[in-house]
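This report concerns only the one structure given below.
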Amino acid sequence: MIDTEGADAFSLSRLAGRLGVKAASLYNHLDGRAAVIESVRRLVVEEIDVSVFAVLPWPDALAAWARSYRDAFARHPHAIDLLVTTTIGSPAMLAMYESVVEALARGGWPPGRLVTVLTSVESFLLGSALDLVAPPPRIDPSGRAPRVPVLAAALHATPGHGKGARAEQAFDAGLDALVRGLVAQLAEVRTSDAAGRHPG
């Protein structure tokens with residue numbers, strides 16, 4: 001229902017109607033709307049590959065996981081509105097986060113930076129999932145090109161005008177920049193920590 005009609009169409013009463021039961025009877029099986037949303041979260045998370053964290057160095061694993069994460073949410077873009085506005089308590093989601101931060105910790109990230117790294121990457125991925133399913137054209141200066149000449153020229157010069165191609169190019173460039181930036185940040189953290197341990 002969420003996939004086909006959007007997050008705004010979701011309610012327990014509509015869900016009950018789809019199932020052919022009264023809304024009150026749903027409470028025999030779940031603890032309300034939040035429980036349904038957590039179940040939706042679990043279904044999406046089950047499509048994300050976290051196995052890479054057990055076999056690849058953290059930068060490579062993060063990049064592979066990121067693509068899987070983006071693709072999973074792009075298949076269910078209407079779920080994003082519901083999921084980002086509710087507290088995360090799903091065992092599946094927490095287990096996924098544990099895999100990510102555990103790999104980052106093994107890679108040398110200090111505990112105080114783990115959630116920051118996870119959140120920054122996840123924010124990029126959710127935006128990229130929405131970008132992948134955004135209606136074309138994403139940016140259209142038609143009739144206003146003289147007012148935005150640099151933007152119009154840049155759009156014209158961008159290879160792969162197709163919606164999917166543009167979104168993939170943007171995702172690849174953004175992910176590469178993000179991972180490279182995190183590698184550089186970690187090197188700075190290690191240098192700073194080393195200097196702190198050996199002053200002078």
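The values are calculated or read from the model by the stated rules, or taken from the named source; none is laboratory data. Bear in mind that the values here come from a model prediction, so they are computed numbers and not experimental data. For neighbour counting, all protein chains shown are included, and Cβ atoms are generated from backbone atoms with ideal geometry for every residue, glycine included. The area values use the complete protein model at the heavy-atom level, side chains included, leaving out ligands, DNA and RNA. Shrake-Rupley method; radii C 1.70, N 1.55, O 1.52, S 1.80 Å.
Rundown of residues vs (1) open to solvent by 50 Å² or more (accessible area, probe 1.4 Å); (2) of a type outside the set (Ser, Thr, Tyr), yes/no style:
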{"site": "Arg70", "(1), (2)": "no, yes"}
{"site": "Pro91", "(1), (2)": "yes, yes"}
{"site": "Ala95", "(1), (2)": "yes, yes"}
{"site": "Ser99", "(1), (2)": "no, no"}
{"site": "Pro135", "(1), (2)": "yes, yes"}
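Figure legend. Inter-residue proximity from region 1-27: first residues at positive phi, second residues at pLDDT 85 or above and surrounded by 12 or more Cβ atoms within 10 Å (Cβ to Cβ), beta-carbon distance below 6 Å, spacing 6+ or different chains. Indicated pairs: Gly6/His78.
The numbered conditions (1) modelled with pLDDT of 85 or more; (2) open to solvent by 50 Å² or more (accessible area, probe 1.4 Å); (3) under 25 Å from Ala72 (Cβ atoms); (4) of a type in the set (D, E, K, R) are all true for Arg33 except (1). Against the numbered list (1) of a type outside the set (Ser, Thr, Tyr); (2) assigned to a helix (DSSP H, G or I); (3) within 18 Å of Val52 (Cβ to Cβ); (4) touching a helix residue (DSSP H, G or I) at 6+ places or on another chain (Cβ under 9 Å), Leu151 comes up short only at (3). Just one of the listed residues (Ser123, Ser128, Ser192) is of a type in the set (Ser, Thr, Tyr), part of a helix (DSSP H, G or I), open to solvent by less than 80 Å² (accessible area, probe 1.4 Å) and more than 21 Å from Ile48 (Cβ to Cβ), and it is Ser192. So is Ser142 among the small types (Gly, Ala, Ser) and open to solvent by 70 Å² or more (accessible area, probe 1.4 Å) or not? Yes; evaluated as a whole, the condition is true for this residue.
Hey, does region 180-188 have a residue that's open to solvent by 60 Å² or more (accessible area, probe 1.4 Å), charged (D, E, K, R), in contact with a Pro (Cβ under 9 Å, 6 or more places away or on another chain) and modelled with pLDDT of 85 or more? Yes: region 180-188 contains one or more residues that are open to solvent by 60 Å² or more (accessible area, probe 1.4 Å), charged (D, E, K, R), in contact with a Pro (Cβ under 9 Å, 6 or more places away or on another chain) and modelled with pLDDT of 85 or more. Under 25 Å from Leu130 (Cα atoms), hydrophobic (A, V, I, L, M, F, W, C), out of contact with any Phe, Trp or Tyr (no Cβ under 8 Å at 6 or more places or on another chain) and open to solvent by less than 80 Å² (accessible area, probe 1.4 Å) - does that describe any residue in region 74-81? Yes: one or more hits.
Listed conditions (1) under 19 Å from Glu38 (Cβ atoms); (2) open to solvent by 70 Å² or more (accessible area, probe 1.4 Å) are all met by Ala157, apart from (1). Tally time: how many residues in region 76-95 are part of a helix (DSSP H, G or I) and either more than 18 Å from Gly127 (Cβ to Cβ) or at pLDDT 95 or above (or both)? Residues meeting the conditions: 5. Each residue in region 139-162 was checked for being at negative phi and touching a Lys or Arg at 6+ places or on another chain (Cβ under 7 Å), and 1 pass.
Can you tell me how many residues in region 96-119 are in contact (Cβ under 8 Å) with a residue 60 or more places away in the chain and either part of a helix (DSSP H, G or I) or on the phi > 0 side of the Ramachandran plot (or both)?
Total meeting the criteria: 3.
Hey, does region 40-51 have a residue that's of a type in the set (A, V, I, L, M, F, W, C), within 30 Å of Arg190 (Cα to Cα), touching an Asp or Glu at 6+ places or on another chain (Cβ under 8 Å) and modelled with pLDDT of 95 or more? Scanning region 40-51 turns up no residue that is of a type in the set (A, V, I, L, M, F, W, C), within 30 Å of Arg190 (Cα to Cα), touching an Asp or Glu at 6+ places or on another chain (Cβ under 8 Å) and modelled with pLDDT of 95 or more.
Would it be correct to say that Asp8 is more than 28 Å from Gln169 (Cα to Cα), within 21 Å of the chain's Cα centre (by Cα) and part of a helix (DSSP H, G or I)? Yes, satisfied.
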